[in-house]
């Protein structure tokens, strides 16, 4: 049963993002590269924010719970801020690459529009963010025990999958689209 729960939650969580990838991104190699680079930039922001938080926790007094709570709030704020900084840096890099491709291309237009670029980059951010958010839930669903036996909600895994799909995957695409259009001005 745990294997069925694992695959059910994985398909609920990543099904919509996977279908967006298959039907809109996979046909164009440039979009695939932008998606993978977007996921990589999200990983870089996570690595840097984790490193800063780890150093801050190790350099502080671990017995002071108020300080540790403050460091946790700082870590969350810093992580979100760093993700937005990396999104902006990635946007600037993509704009320069797009201008370079337009300069050497025989066509008058650019290889990819800003809206397509924002969609694909946001999908990359969302897929990687969702993978890191969902991996613990999926590993718990494989066993040896299952959450929900001793009074927990029996809908924990399916709720986690649906929340991940809606909050992480599609919101990252929407944020990227809005930000990339606004960065232009």
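Any read-out appearing in this document is the output of simple, stated calculations on the displayed coordinates, not a laboratory observation. Only a predicted model underlies this, so the values are computations on that prediction, with no experimental measurement involved. In this analysis, Cβ positions are derived from the backbone assuming ideal geometry, glycine residues included, and neighbour counts consider all displayed protein chains.
Name the shape class, rounded, prolate or oblate, that the alpha-carbon gyration tensor gives for the range 2-120, where a ≥ b ≥ c are the square roots of its eigenvalues, rounded holds for a/c under 1.5, and otherwise prolate holds if a/b is larger than b/c and oblate otherwise. It comes out oblate by the Cα gyration axes. Cβ crowding within 10 Å, taken as a proxy for footprinting-reagent exposure, orders 112, 33, 135 from fewest neighbours to most as 135, 33, 112. From the alpha carbon centroid of the range 83-136 to that of the range 10-57 is 11 Å.
Between residue 60 and residue 22, what length in nm is gained on full extension when 0.36 nm per residue of separation is reduced by their alpha carbon distance?
Residue separation times 0.36 nm, minus the Cα-Cα distance, leaves 9.0 nm.
Each peptide in 122-130, 40-48 receives the mean, over its residues, of other Cβ atoms within 10 Å, and ordering these scores from highest gives 122-130, 40-48. Taking label positions 7 Å along the Cα-Cβ direction at both residue 48 and residue 74, the computed distance is 1.8 nm, reported to one decimal. Extending 7 Å from the Cα toward the beta-carbon at both residue 84 and residue 3 defines two label points whose distance is 4.6 nm. Per-residue extension of 0.36 nm, minus the Cα-Cα distance of residue 67 and residue 155, leaves a gain of 28.2 nm for this segment.
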